[in-house]
Every structure is written in C-alpha cells, then in structure tokens.
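J.: I have a structure here, written as structure tokens, and I will follow up with some questions on it.
The values are calculated or read from the model by the stated rules, or taken from the named source; none is laboratory data. Keep in mind the model is a prediction, meaning the values are calculated, not measured. Quick reminder, even Gly has a Cβ in these numbers, built from the backbone with ideal geometry, and neighbours come from all protein chains shown. Side chains included, ligands, DNA and RNA excluded: accessible areas come from the protein's heavy atoms. Shrake-Rupley method; radii C 1.70, N 1.55, O 1.52, S 1.80 Å.
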Amino acid sequence: MSTTVADFLLRRLDQWDIRRIYGYPGDGINGIMGALGRQDRIEFIQARHEELAAFMACAHAKFTGEVGICLATSGPGAIHLLNGLYDAKLDHQPVVAIVGQQKRMALGGDYQQEVDLVSLFKDVAHEYVHMATTAEQVKHLVDRALRIAMEQRTVTCVVIPNDLQEMEAVEVPPHEHGSVHTGIGRTTRSGCPAQDGLLQAAEILNRGKKVAILAGAGALQATDEVIEVAEVLGAGIAKALLGKAAVPDDLPFVTGSIGMIGTKPSFDMMNGCDTLLMVGSGFPYAEFLPEEGKARAVQIDIDGRMLGLRYPSECNLVGDAKETLRALLPLLDRKSDRSWQLQIEQDVQRWQQLMERRAQDPASPMNPQRAFRELSSRLPEDCILTCDSGSATAWYALHLQLRRGMSASLSGGLATMGCALPYAIGAKFAHPRRHVIALAGDGAMQMNGLNALITIARYWRRWGNPKLTIAVLNNRDLNFVTWEQRGQQADPKFAPSQELPDFAYADFARMLGLHGIRVERAEDAGPAWDKALNADRPTLVELVVDANVPPLPPQVTRKQMQGYYEAIAKGDPDAEAIKAAIERQASGT
C-alpha cells in the first residue's frame with residue numbers, strides 16, 4: 001500500500017519529536033486514525049471530550065516546554081477544542097491543533113458538519129491556521145505550524161479534509177516555481193538583550209532603596225538567578241499564580257502570591273517599594289502593583305509585546321529570563337542596607353502565623369484552609385500540582401508552600417474551570433514517574449472532571465508510578481463566584497445559580513477502580529492525605545468543606561466590606577455564618 005497523506009503527517013510529526021497526541025475520533029479524521037494504527041512511534045491518548053484533549057496538550061506544553069498536539073474531527077469536534085486552546089493561547093503555550101474537515105468537493109455546499117474552520121480558528125490560532133487542499137502542501141503546513149507554535153509560544157492549527165488524508169502522499173514537493181520546501185530544526189537565537197539595555201536596568205535597580213520583584217511563568221527556569229538578584233538587591237519576591245513554582249516558598253523574603261487571592265506581605269511590598277523588577281509576568285491587576293509614578297520599573301520578557309503593558313516600566317528588556325538575569329547580575333551593586341528585606345521577612349513570618357491560625361478557625365463541617373494546610377507539609381518531593389479555577393485557587397495560592405523541584409500550574413490568563421484533572425493527565429503522561437496532585441472544586445468536577453476520572457481509570461496502569469492524587473472541595477456551591485456576588489455586587493447568594501447538587505465523588509472513584517476517601521472532620525484531613533499520598537493507585541480525596549469561609553483578598557476595602565454587609569441585609573441565606581467569618585478574617589486574627 002502506498003503512503004497516504006495521513007501516514008506522512010504522522011511521520012513528519014515523529015521527525016519533529018512528537019511522541020503523543022491527545023484527541024477524540026470522528027469520521028472527519030478517519031484517515032489519520034487509521035494511520036495511527038499503522039505505526040508505533042506516536043501514542044494516541046483518547047480523551048472523553050475534545051476540550052479535555054486540548055487541556056491535556058496545553059499541560060504537556062506547560063510541564064515539558066515542548067509542543068502539545070491535539071486532534072479532533074470536523075464540525076462539532078473542532079468546536080469542542082476551543083476552550084482548551086484559548087487556555088493555551090492566553091498562557092502563551094505552544095499547542096498545535098490538527099482537525100479534520102468534510103470532503104473538499106462538498107465544501108461550500110452546506111454539507112453536514114461543514115464549518116468554516118479557518119474562520120473558526122482565526123482568533124485562537126491567529127498566528128497560523130491553514131487548510132490543506134493538496135498533498136503537496138502538507139509538509140510545509142505541518143512544519144510551519146510546529147515552528148510558529150514554538151517560536152511564538154502560541155496556538156496554531158492545520159485543517160486536513162478527510163478525502164485528502166487518504167490520498168497518496170507527496171513527501172517532497174516538485175522542484176518548480178510555486179512549490180515550497182521546508183525543513184525541520186529549532187530556531188536558535190540569543191536570549192540576552194543588548195548591553196546598553198542591561199546597563200540602564202542596572203542603573204535603575206542600583207538606585208532603588210526598596211526593590212520588589214514580581215516573578216511570573218517566564219521565571220520558572222530562572223530560579224537561581226531570581227533568588228540571587230533578590231539577595232544582591234535586598235529585595236522581596238512576589239509571585240503571580242503562573243509563577244508559583246518559580247522560587248521556593250521557604251525562602252524568608254518570598255512573599256507568595258499577589259492579587260485578589262494574594263498575601264498581605266505581597267500587597268504591602270508593592271505599595272511600599274520604590275523600584276519594581278518584573279520577570280516574565282503578565283499579571284493583569286494594576287491595583288495590586290505600585291501606583292503609577294510611585295516606583296521606577298524594569299521589565300524582562302521574552303515577548304516584546306508584553307513589555308510596558310501592566311506597568312509603565314522605564315526599562316524594557318526583551319530576552320530569556322535566565323540569560324538576561326545572568327548578564328545583569330555582574331552589573332548590580334550589593335546593597336549594604338538590608339532593612340527593607342528584613343521588614344519583608346518579618347511581614348512574611350507574621351503572615352504565615354496568621355494563616356496557620358486561620359486554618360484552625362472553626363467551620364462546619366470543615367475549614368478548607370485546614371485541609372490545604374495539612375497537605376502543604378506533606379507535599380512529596382518533585383511533585384507536580386495542578387489547580388482549577390474557583391475557591392480551590394485561593395487556598396492553593398495562600399496555603400501551599402512549594403519547595404524547590406516542584407512544578408505547578410493552572411489556567412492563568414483564561415482562568416477557566418475544568419482544567420485541573422486534564423492538566424494532571426497531561427502531566428502524568430509527560431512525567432509518569434512524578435507524583436501529580438490535582439486540586440478542584442465540585443463545580444469543576446461536575447463540569448468535566450468526572451469524565452476525566454474515567455480517563456485516569458483507563459490509563460493509570462501505563463504509568464511507571466501510579467501516584468496521582470485528586471482533591472475535590474465538596475461545598476455544594478460555586479463558591480468563588482458566590483463571594484464575588486456578595487463583595488463586588490452587594491448581592492446575596494442567588495441559590496438557583498450558585499447551589500450545586502450533591503454527588504458522591506469518592507464513591508464514584510471507587511466505582512471506577514480507583515481509591516476514594518471522604519473526609520468530613522478537620523481532624524481526619526491529615527490522616528486522609530497520608531493514606532492518599534501513599535496509595536498504590538490514583539486516589540480521590542473528597543473534602544466536605546464549609547462554603548462560608550470567604551476567600552478574601554489580603555486587605556478588605558471599605559467598599560468590599562460594605563458589599564458583604566449589604567448582601568447580608570438583603571437576606572443572604574447564610575447571613576450569620578458569613579458575618580462571623582468576614583469579621584474574623586478582616587480583623588487579621
């Protein structure tokens with residue numbers, strides 16, 4: 001049998017060192033599915049839904065630095081990819097979507113499942129989306145999609161009609177006018193800015209007396225350099241959520257997360273600094289950065305389009321964080337006055353004591369902060385954490401103390417629900433020997449997490465280390481939004497939109513052949529984590545927690561407090577419980 005376009009597609013992906021495709025079958029990609037069955041170099045992982053496949057591809061990119069690949073059929077399958085692809089786009093991850101299409105002769109004929117896929121993907125894959133119409137195109141479409149995804153750290157898309165998949169491949173286009181001949185190979189470029197830019201940055205940082213560093217995802221591979229810069233400058237380090245693993249939390253001058261669910265030391269440091277160094281961060285909330293004009297700023301980012309975007313930085317350096325900081329360090333003067341850093345360290349120490357007390361606050365049936373605090377001290381070495389969007393994000397940000405060697409991610413730019421479990425699956429396939437921990441709320445579990453559990457049950461025996469731990473916060477409430485409605489809109493909880501049906505998550509896990517543990521008392525949380533983290537198979541820990549423990553920002557404004565009390569006055573069904581909770585947390589005790 002001659003080599004088909006689909007066979008050649010997979011061989012070309014193999015030459016680009018692609019080893020795994022996440023997807024779901026359909027008649028728009030039957031040719032590709034058949035080709036997958038005729039080879040053994042690329043593994044196909046069947047998700048329960050195309051959105052989950054796109055999340056898994058995004059996670060692959062996040063936890064390996066490589067291109068993630070997802071595959072879907074035409075029409076509905078392609079449409080289902082979009083949310084996961086937007087997650088990758090907004091977090092600047094290289095993902096290539098390969099999608100099928102109806103036969104070429106049917107296009108434009110209002111055919112079944114015919115969707116204008118180039119237009120559909122034009123926003124999410126705006127850097128590169130094309131449909132193949134001849135076999136001669138496939139080579140350069142694949143090469144360009146992969147190269148642009150890597151080079152621009154973005155989403156690209158290739159559309160291949162189903163009849164073209166079955167045609168005879170053209171592996172080398174004809175050597176004639178109008179043909180395109182592409183090759184394989186990574187782009188090599190200097191990751192360090194010019195010397196004059198470095199000198200300008202050093203002048204600003206050396207003059208600063210109170211330097212604050214904000215580390216984002218771009219600093220994940222520059223841990224040692226960020227720490228050394230902080231030590232030289234006597235600075236503190238705050239972390240955007242995507243940069244949570246950039247520096248370990250056990251350093252005394254690391255203030256932790258920043259923003260709506262950030263720490264008070266981060267808030268105070270940003271308000272008190274006279275100089276700001278932003279490293280690989282697109283953190284969006286201006287109200288948690290220094291007031292404009294109050295601090296001089298230096299920003300480092302590999303993407304020049306992100307510079308000067310969140311704060312009017314005086315010096316903007318385009319470059320890799322690690323290489324740029326290495327080149328900058330010899331130009332920095334070690335500060336003899338350490339009073340600023342000492343103040344930060346004292347603030348961090350007081351904050352950690354406060355968070356420990358908050359975790360012990362009484363709640364019914366259990367304080368979610370206690371559950372996360374118990375996990376923090378038990379986190380396995382070299383583990384990977386994935387977190388969903390919701391109140392779980394707040395407790396992940398505020399209570400989990402990451403150590404060197406750990407990895408962690410969530411949906412940063414899109415902040416979509418439903419990413420934690422497919423992220424965990426992608427992480428586990430990429431790093432089967434590492435312990436992966438997924439943290440999700442009951443809303444995300446009911447949205448798509450239950451389906452992802454089925455995928456885990458199918459594949460876990462393939463992993464060299466079966467350790468995968470899933471935590472579910474069961475509070476029967478879309479909790480983060482409930483609190484936003486109270487604090488931002490001064491509206492009481494709207495039960496028809498916010499309350500969730502109860503579900504036996506641990507029982508469901510056991511039904512699938514996994515382990516499941518249900519925890520209803522605070523004193524049982526620690527032993528449950530011990531059991532789950534040492535289990536011989538993936539284990540779900542169902543934490544039945546109190547929805548009336550508010551994920552408050554570090555400093556509650558008068559407007560926010562007024563909103564909470566107005567919501568209570570309007571007849572919030574949990575009025576007494578939330579009044580006691582917000583007064584306790586807002587008091588700082």
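J.: Output the residue which, of all residues in the stretch 116-132 that are buried (at least 16 other Cβ atoms within 10 Å of the Cβ) and among the β-branched types (V, I, T), is nearest to the chain's Cα centre (by Cα).
T.: V124
J.: So which residues in the stretch 274-288 are open to solvent by 10 Å² or more (accessible area, probe 1.4 Å) and of a type outside the set (D, E), if there are any at all?
T.: Start the filter on the stretch 274-288 by keeping residues that are open to solvent by 10 Å² or more (accessible area, probe 1.4 Å), which leaves 274, 280, 282-288.
Within the stretch 274-288, G280, G282, F283, P284, Y285, A286, F288 meet the criteria.
J.: Of the residues that make up the stretch 398-421, is at least one assigned to a helix (DSSP H, G or I), touching a residue at least 12 places away in the same chain (Cβ under 8 Å), open to solvent by less than 20 Å² (accessible area, probe 1.4 Å) and more than 14 Å from A452 (Cα to Cα)? Give the steps one after another, and end with the answer.
T.: Residues of the stretch 398-421 that are assigned to a helix (DSSP H, G or I), as a first pass: 398-399, 420-421.
Restricting the remaining residues to those that are touching a residue at least 12 places away in the same chain (Cβ under 8 Å) gives 398-399, 420-421.
So of that shortlist, the ones also open to solvent by less than 20 Å² (accessible area, probe 1.4 Å) come out as 398-399, 420-421.
This time we only want the ones that are more than 14 Å from A452 (Cα to Cα), so: 398-399.
Yes, some residue in the stretch 398-421 is assigned to a helix (DSSP H, G or I), touching a residue at least 12 places away in the same chain (Cβ under 8 Å), open to solvent by less than 20 Å² (accessible area, probe 1.4 Å) and more than 14 Å from A452 (Cα to Cα).
J.: Sticking with this one: In the stretch 358-380, which residues are hydroxyl-bearing (S, T, Y) and either touching a helix residue (DSSP H, G or I) at 6+ places or on another chain (Cβ under 6 Å) or within 13 Å of L439 (Cβ to Cβ) (or both)?
T.: Correct list: S376 only.
J.: Here is a further query. I need a count of the residues in the stretch 192-232 that are open to solvent by 10 Å² or more (accessible area, probe 1.4 Å) and part of a loop (DSSP other than H, G, I, E, B).
T.: Within the stretch 192-232, residues that are open to solvent by 10 Å² or more (accessible area, probe 1.4 Å) and part of a loop (DSSP other than H, G, I, E, B) number 7.
J.: Can you give me the number of residues within the stretch 254-272 that are open to solvent by 10 Å² or more (accessible area, probe 1.4 Å) and farther than 20 Å from R373 by Cα?
T.: 4
The rows are residues; the columns are (1) at pLDDT below 95; (2) surrounded by 21 or more Cβ atoms within 10 Å (Cβ to Cβ); (3) of a type in the set (S, T, N, Q).
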| residue | (1), (2), (3) |
| --- | --- |
| P432 | no, no, no |
| I437 | no, yes, no |
| G443 | no, yes, no |
| R486 | yes, yes, no |
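J.: Which pairs have Cβ atoms under 8 Å, sit 6 or more apart or on different chains, and link a residue in the stretch 498-514 that is in contact (Cβ under 8 Å) with a residue 40 or more places away in the chain to one that is among the basic types (K, R) and open to solvent by 70 Å² or more (accessible area, probe 1.4 Å)?
T.: Pairs found: L500/R476; P501/R476; Y505/R518.
J.: Shifting gears a bit: So if I check each of G100, G34, G108, G77, which one is part of a loop (DSSP other than H, G, I, E, B) and not hydrophobic (A, V, I, L, M, F, W, C)?
T.: So the residue among G100, G34, G108, G77 that is part of a loop (DSSP other than H, G, I, E, B) and not hydrophobic (A, V, I, L, M, F, W, C) is G108.
J.: Take the residues in the stretch 87-97 that are assigned to a helix (DSSP H, G or I) and touching a strand residue (DSSP E or B) at 6+ places or on another chain (Cβ under 8 Å), then tell me which one is nearest to A59 (Cα to Cα).
T.: Filtering first and then ranking leaves A88.
J.: Looking at the stretch 464-480, I want the residues that are more than 30 Å from K493 (Cα to Cα) and open to solvent by 10 Å² or more (accessible area, probe 1.4 Å) and have a partner that is outside any loop (DSSP other than H, G, I, E, B) and of a type in the set (F, W, Y) with Cβ atoms under 8 Å, at least 6 apart or on another chain. Which pairs are those?
T.: Listed by first residue and then by second, the contacts come to P466/W460.
J.: Given the criterion part of a loop (DSSP other than H, G, I, E, B) and open to solvent by less than 10 Å² (accessible area, probe 1.4 Å), identify the matching residue among M366, M355.
T.: On the way: M355 fails: part of a loop (DSSP other than H, G, I, E, B).
Every option except M366 fails the conditions.
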